[in-house]
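Written below as structure tokens is the structure these notes are about.
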Amino acid sequence: MTASDDIIAASDYYTISEKETAQVAYDKQRKAVTISVDYLDGVGAPDNKLVVGGELEQRPNGSLYKMVWHGFHDLLIAASVGP
């Protein structure tokens with residue numbers, strides 16, 4: 001059992017197109033706790049500035065990442081690009 005097993009009770013996976021998928025993870029009360037939208041090769045992805053409100057930060061492995069907490073909405077938004 002991992003720490004996420006205590007939080008994630010179920011999930012749904014959706015194939016929107018050949019290049020776009022989405023996953024919704026739920027807690028034990030079936031409240032959505034994670035929504036992930038993934039774009040193969042970045043095709044169709046929104047501009048990261050629109051998602052997280054600024055530039056992504058480069059990590060040591062060369063990937064780009066930024067996470068923003070929106071406390072008013074109790075919402076955490078993250079964007080990542082890379083290996």
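The values are calculated or read from the model by the stated rules, or taken from the named source; none is laboratory data. Worth saying up front: this structure is predicted, and the values here are computed from it rather than measured. Cβ sites come from the backbone with ideal geometry, for glycine too, and all protein chains shown count toward neighbours.
None of VAL81, VAL43 is out of contact with any Ser or Thr (no Cβ under 6 Å at 6 or more places or on another chain), surrounded by 11 or more Cβ atoms within 10 Å (Cβ to Cβ) and modelled with pLDDT under 85 except VAL81. Screening ALA22 on (1) without any contact (Cβ under 8 Å) to a residue 24 or more places away in the chain; (2) out of contact with any Asp or Glu (no Cβ under 9 Å at 6 or more places or on another chain); (3) of a type outside the set (Lys, Arg) shows it passes everything except condition (2). Considering GLY54, GLY71, GLY42, the condition of being under 15 Å from the mean Cα position of the chain (by Cα) and of a type outside the set (A, V, I, L, M, F, W, C) is satisfied by GLY42 alone.
Confirm whether ASP27 is of a type in the set (Asp, Glu) and either under 14 Å from the mean Cα position of the chain (by Cα) or loosely packed, with under 14 Cβ neighbours inside 10 Å (or both). Against the criterion (of a type in the set (Asp, Glu) and either under 14 Å from the mean Cα position of the chain (by Cα) or loosely packed, with under 14 Cβ neighbours inside 10 Å (or both)), ASP27 does not qualify.
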